[in-house]
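A.B. asks: Here it is, the structure in full.
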Amino acid sequence: MLDIAPAPVTAPPRARQRRRRRRRWSGLLYLAPALLLYTLFTVLPALHTAYLSFFNWDGVTLPSFAGLGNYRSVVADPELRAAAEHAGTLILFFSVLPIALGLVCAAIVARRRRRGLAVIRAVVFLPQVLPLVAVGIIWRWVYAEQGTVNQVLQAVGLGRWAQAWLGSFDWALVAVGVVGTWVVSGLCMVLFLSGTQRIDGEIYEASRVDGAGPVREFLSITVPLLRPEIAVALSITVIAALSSFDLVYITTGGGPGTTTVVPGILIYRLAFGGGAVGLASALAVVLTLVIFAVVLVITRLSRERP
Amino acid sequence: MSPLPRTPLSPIGRGFSRRALLSGLAAAGAVTVAGCSSLTPGSSAAGSTASAGPVSTAVPSDPVTLTVADADDTTMTQGLLDAFRAKYPNVTFKRQYTGWDDYLKSINLTMSAATPPDIAQFTPGMQNLVPGGLLLNADGYATAYGWSSKFPGLDQITFSPDGKTVGTGSLYGVPGGLSFEGVYYNKQKAARLGLTTPAKTVDELEAMFAKAKAAGELPLVVGNLDGGLNHPFNELLSVFLAPADREAWAFGHSGASIVLPGARTAAETIQRWVTKGYISSNVNGISDNDATAAFAKGQGVFRISGNWAAAAVGKGLGDNAGYFTMPQATADAKIHTTGAGVYYCVSAKTKSAAAAAAFLDFVGSADAAPLTAKAGFMAPKADAMPSQAGLFGSLLTGWQATVRDQGLEPFIQNASTPTMSDTLTNALQQLAGGKATVDQFLALLQADFDKYHQQ
């Protein structure tokens, strides 16, 4: 395919040609280590997972070919539908809320440059640096019967609301979602802050001369001009919401009942506990395809119109 | 995703270096694929149940090295290995310790490898190795050594040829240290409330709960965030469900059911304890470990848990820590309680089955009992455990009585299906949260059972 590329109209001198050719190939050589690692540890395992999804396999004995049987089970599973709904709810907490918060903060900071921006950025970004397992354990304490949340509620006279939040059928999913918001908001904020620094300050000044207030500025300048950053933030956070596992696993393990079960938890249970590696693989493939589709839609929608 | 500027890779001719690079990549890929001998590694020796080699109780006298894989974070396994080696210096052990979670996830693959460990700690799920012929059928050694009279709880490691039914078929290992459940209580509070311990029946225990509740105390400390309510539930099953029915269900016998009057009574008891406030309404938000910690700090009056909690409870409550075996339905009933053990099994691929079997036999000996006890477990040879005072003394008395009554019954979540642990946690959370009736609760458990055993 590469060989039929059109030949240059005027052949360059031989020496230059050779040099250019070498440069082209040396480029690929630079890429090789990363490409090799990526192929070995990402592409091949992913293909292997897809391959396994066509078998009934308990992980030990000989597998038997299942065709599309595992995929039929995935579609028919009522527990999976509930898990998908929970993941959908988590998008609200992992994407919508953090992006809204991030935008408002970025707008406030962008209106007037303040000192100590680097400190604010570092503090806000901190949750992103912590391992999610540590985050989960910390929030388990925060939500516990005698935890921070309940202590605060009692202190302000709302003691009758105090409860073990992660054990509540009504609140567990919200509680997990709030942890997600806490983790992801910093990332969004930092993304948007760097985005606002790209926006020419004169645009704000011009709009102020035209009599625009802070709200008008936010809607007409900050949000439209941050569009590329919003697209990136949306992609990253939606992926985090749909593929969430560690946070849920550490805080509730899917409970109480099945109120916080997400697809990641189901895959883990099927593969490592339930001895259904094929079904788990099929579920993983479906989840990956769904995430691909969602991200594709986000990229399409956010592309700037010419 | 982001459109990269398109640069033609080779406008003129064939680049030698490109071919070299591609063939290099291809070779690397081929090596990787060849590296895993098959894309779906699995054992094909299905259905093989023959014991390996002739059975002998003689310990080989030539130098032998045995690899031991385990997830025992106490001093027991290392202590037993050292003691065995002191007795038979020609036997060397290579111990591979792995943390519990990782061990659970990896041991089946480890045992399917070309050179698996000779001896491994048995964990739930390893019965899947039985149909693959990867575990040594120990029936021959059991007869030769007389294990049935040396070890309690052997039915928990006895499997049918397809590995799906526990308690019937062939023996695949022995328990080293055992655990069993009972009732801890806070002596100081019990005295203040005027409770006469031990409770002789479940009704008596419940009356004590009522008294504690009336005095403003939390009667029973439970944490069900990760399913810890299963401890009281398993104990109540031991009391109310006939042992044969309990084992048929826990061991996955075909046609077994948990929708029985005994199990209903157990579930109704749990439900009543929650409704009456004997168990905290926040039970679903507290982890099992946190519940033990809270009880050890002085919260509540009673806690139903296993002997693994004794160290923490004893350390926290000191002389106020008390213990009695689970009370039964009537005062004169034999002891029935729930328990499990650290079991050792042997790989079918071992080259020194006789030495491995000798170690398994040693585990049940009087020499091993003090080592097992020191690590906090109950020893198979209960009467050889060193006598102790205080909380551990009460535990030892309870254990000896349990072995005498042959009252050790399996946790229902460990044996019946690979997913039962998650299902039981889910179902108990719904029962405690008032989201499931007793009927729905039992139906949830039975649905998981039927799904697995009808395959």
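A.B. asks: Take segment B:385-402 and flag every residue that is more than 12 Å from B:A369 (Cβ to Cβ) and hydrophobic (A, V, I, L, M, F, W, C). Show your work before the answer.
C.D. replies: Applying the first criterion (more than 12 Å from B:A369 (Cβ to Cβ)) to segment B:385-402 yields B:388-395, B:397-398, B:401-402.
The answer is B:A389, B:L391, B:F392, B:L395, B:A401.
A.B. asks: Looking at B:T372, B:T402, B:T397, can you tell me which residue is of a type outside the set (D, E) and closer than 19 Å to B:R246 by Cα? Give the steps one after another, and end with the answer.
C.D. replies: On the way: B:T372 fails: closer than 19 Å to B:R246 by Cα; B:T397 fails: closer than 19 Å to B:R246 by Cα.
Matching residue, one of B:T372, B:T402, B:T397: B:T402.
A.B. asks: Here is a list: A:V184, A:V178, A:V190, A:V223. Which entry is surrounded by 12 or more Cβ atoms within 10 Å (Cβ to Cβ), away from chain B (no Cβ under 14 Å) and in contact with a Ser or Thr (Cβ under 6 Å, 6 or more places away or on another chain)? Walk me through how you get there before you give the answer.
C.D. replies: Working: A:V178 fails: in contact with a Ser or Thr (Cβ under 6 Å, 6 or more places away or on another chain); A:V190 fails: in contact with a Ser or Thr (Cβ under 6 Å, 6 or more places away or on another chain); A:V223 fails: in contact with a Ser or Thr (Cβ under 6 Å, 6 or more places away or on another chain).
Matching residue, one of A:V184, A:V178, A:V190, A:V223: A:V184.
A.B. asks: Among the candidates A:L279, A:L270, single out the residue that is in a helix (DSSP H, G or I), in contact with a Leu (Cβ under 6 Å, 6 or more places away or on another chain), within 9 Å of another protein chain (Cβ to nearest Cβ) and in contact (Cβ under 8 Å) with a residue 12 or more places away in the chain. Steps first, answer last, please.
C.D. replies: Numbers: A:L279 fails: within 9 Å of another protein chain (Cβ to nearest Cβ).
Sole residue among the options that is in a helix (DSSP H, G or I), in contact with a Leu (Cβ under 6 Å, 6 or more places away or on another chain), within 9 Å of another protein chain (Cβ to nearest Cβ) and in contact (Cβ under 8 Å) with a residue 12 or more places away in the chain: A:L270.
A.B. asks: Going by the conditions given, is B:V259 buried (at least 24 other Cβ atoms within 10 Å of the Cβ), in contact with a helix residue (DSSP H, G or I) (Cβ under 7 Å, 6 or more places away or on another chain) and either modelled with pLDDT of 95 or more or among the β-branched types (V, I, T) (or both)? Reasoning before the result, please.
C.D. replies: On the way: buried (at least 24 other Cβ atoms within 10 Å of the Cβ): no; in contact with a helix residue (DSSP H, G or I) (Cβ under 7 Å, 6 or more places away or on another chain): yes; either modelled with pLDDT of 95 or more or among the β-branched types (V, I, T) (or both): yes.
No: the conditions fail for B:V259.
A.B. asks: Determine which member of the set B:T372, B:T402, B:T417 is within 16 Å of the chain's Cα centre (by Cα) and surrounded by 20 or more Cβ atoms within 10 Å (Cβ to Cβ).
C.D. replies: Numbers: B:T372 fails: within 16 Å of the chain's Cα centre (by Cα); B:T402 fails: within 16 Å of the chain's Cα centre (by Cα).
Answer to the selection: B:T417.
A.B. asks: Is at least one residue of segment A:252-272 over 20 Å from A:V75 (Cα atoms) and of a type in the set (V, I, T)?
C.D. replies: yes
A.B. asks: Inside segment A:140-220, counting only helices (runs of 4 or more DSSP H) that do not spill past its ends, which hold 3 or more residues that are modelled with pLDDT of 90 or more?
C.D. replies: Passing ranges, in order: A:148-155, A:172-198.
A.B. asks: Continuing with this model, one more query. Output the residues belonging to segment B:358-381 that are part of a helix (DSSP H, G or I) and touching a residue at least 24 places away in the same chain (Cβ under 8 Å). Steps first, please.
C.D. replies: Of all residues in segment B:358-381, those part of a helix (DSSP H, G or I) come to B:358-363, B:369-374.
Scanning segment B:358-381 gives B:A358, B:F359, B:L360, B:D361, B:F362, B:V363, B:L371, B:T372, B:K374.
A.B. asks: Within segment B:273-292, track down each residue that is surrounded by fewer than 18 Cβ atoms within 10 Å (Cβ to Cβ), touching a helix residue (DSSP H, G or I) at 6+ places or on another chain (Cβ under 8 Å) and either farther than 26 Å from A:W161 by Cβ or not hydroxyl-bearing (S, T, Y) (or both). Before the answer, list the steps.
C.D. replies: Filtering segment B:273-292 down to residues surrounded by fewer than 18 Cβ atoms within 10 Å (Cβ to Cβ) leaves B:275-277, B:281, B:289.
Right, trim to touching a helix residue (DSSP H, G or I) at 6+ places or on another chain (Cβ under 8 Å) and you get B:276-277, B:281.
Within segment B:273-292, B:K276, B:G277 meet the criteria.
A.B. asks: Give me the residue from segment A:122-133 that is assigned to a helix (DSSP H, G or I) and loosely packed, with under 12 Cβ neighbours inside 10 Å and, out of that set, farthest from the other protein chains (Cβ to nearest Cβ).
C.D. replies: Within segment A:122-133, the subset assigned to a helix (DSSP H, G or I) is A:122-129, A:132-133.
Narrowing further to those that are loosely packed, with under 12 Cβ neighbours inside 10 Å: A:123, A:126, A:129.
Numbers: A:V123: 29, A:L126: 26, A:V129: 25 Å.
Ranking the qualifying residues of segment A:122-133, first place goes to A:V123.
A.B. asks: Name the residue, out of B:V313, B:V346, that is β-branched (V, I, T), crowded, with 23+ Cβ neighbours inside 10 Å and farther than 30 Å from B:T425 by Cβ.
C.D. replies: Details: B:V313 fails: farther than 30 Å from B:T425 by Cβ.
Only one candidate passes the filter, namely B:V346.
A.B. asks: Then there is this: Please verify whether segment A:151-161 includes one or more residues that are touching a Phe, Trp or Tyr at 6+ places or on another chain (Cβ under 7 Å) and either more than 14 Å from chain B (Cβ to nearest Cβ) or not acidic (D, E) (or both).
C.D. replies: Of all residues in segment A:151-161, those touching a Phe, Trp or Tyr at 6+ places or on another chain (Cβ under 7 Å) come to A:153.
Next cut, either more than 14 Å from chain B (Cβ to nearest Cβ) or not acidic (D, E) (or both) only: A:153.
Yes, some residue in segment A:151-161 is touching a Phe, Trp or Tyr at 6+ places or on another chain (Cβ under 7 Å) and either more than 14 Å from chain B (Cβ to nearest Cβ) or not acidic (D, E) (or both).
A.B. asks: Tell me the residue from B:N186, B:N128 that is out of contact with any His (no Cβ under 7 Å at 6 or more places or on another chain) and assigned by TED's automatic domain parsing to the domain that holds B:I304, please. Steps first, please.
C.D. replies: Details: B:N128 fails: assigned by TED's automatic domain parsing to the domain that holds B:I304.
Going through B:N186, B:N128 in turn, just one is out of contact with any His (no Cβ under 7 Å at 6 or more places or on another chain) and assigned by TED's automatic domain parsing to the domain that holds B:I304: B:N186.
A.B. asks: Quick check on this structure: which one of B:T350, B:T402, B:T372 is out of contact with any Gly (no Cβ under 6 Å at 6 or more places or on another chain), among the polar types (S, T, N, Q), under 30 Å from B:K87 (Cα atoms) and away from chain A (no Cβ under 14 Å)?
C.D. replies: On the way: B:T402 fails: under 30 Å from B:K87 (Cα atoms); B:T372 fails: out of contact with any Gly (no Cβ under 6 Å at 6 or more places or on another chain).
On inspection, the qualifying residue turns out to be B:T350.
The values are calculated or read from the model by the stated rules, or taken from the named source; none is laboratory data. Keep in mind the model is a prediction, meaning the values are calculated, not measured. Don't worry about glycine lacking a Cβ; one is built from the backbone with ideal geometry, like all the others, and counts go over all protein chains shown.
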